[in-house]
């Protein structure tokens, strides 16, 4: 009797354990293997959903960028091939840079009139009297002041002016600079842009035939415009009248300035 009760109790315990395992380990009455397969399948399905949503988001973002690019129309003359030309001169799209300098070394400029494209580049216009003489840089020019008087002159005092930034004075002997006055002349060439001179002789200096009162050579070293001029302050006839009063000449006296 006791043995039967013991067997019955063991059978009941076995049945109870089986039912408990089925309820805890299985899902909806599934075996442990079936439950594992179901869990794996659900996990895989959730992962697919995540990947699908991520791909959809990337696709949507790309679509928005594409629409944004297509909404901006290129300006006239724009070429897509220029997108990678940011390193080239002229800007990020290979277009000319308006701020870039356009002056070249061989670009001709009229230094006298300021007009581009003129053939007078590197030129200086030297005004003597009422005449302008276009000269090139490096040229040597000869300035001469010619004088003619009714009678020989007893004395003369004058000043010559020029632009030392454009003209370089070439030194010469007194007899070359003052052909008639010669060594009787006292002159100073050390003053900037100015030459002062004077001479006197009782016997006089003969200018009854037109002759050079002063002649000088200059080298053209600058461009633009300048002038050379001589102003006579004092000049008298031998033993007689004044030929110049307050820089104004007697009507019998002729004087001209030339440049060669």
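The values are calculated or read from the model by the stated rules, or taken from the named source; none is laboratory data. Just so it is clear, the structure is predicted and the values come from calculations on it, not from any experiment. When we count neighbours, we look across all protein chains shown, and the Cβ atoms used for this are built from the backbone with ideal geometry, even at glycine.
Each residue in segment 248-260 was checked for being surrounded by fewer than 17 Cβ atoms within 10 Å (Cβ to Cβ) and more than 48 Å from the chain's Cα centre (by Cα), and 6 pass.
Matching residues to (1) at pLDDT 95 or above; (2) in the same structural domain as residue 155 (by TED's automatic domain parsing); (3) in a strand (DSSP E or B):
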| position | (1), (2), (3) |
| --- | --- |
| 207 | yes, yes, no |
| 216 | yes, yes, yes |
| 219 | yes, yes, yes |
| 230 | yes, yes, yes |
| 236 | yes, yes, yes |
| 239 | no, yes, no |
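Check segment 178-187 and report whether any residue there is within 21 Å of residue 136 (Cα to Cα) and in the same structural domain as residue 129 (by TED's automatic domain parsing). No, segment 178-187 contains no residue that is within 21 Å of residue 136 (Cα to Cα) and in the same structural domain as residue 129 (by TED's automatic domain parsing). All of (1) modelled with pLDDT of 85 or more; (2) surrounded by 15 or more Cβ atoms within 10 Å (Cβ to Cβ) hold for residue 120 with one exception: (1).
Select from segment 145-164 the residues that are closer than 18 Å to residue 195 by Cα and not in a strand (DSSP E or B) and list them in ascending order. The answer is 162, 163, 164.
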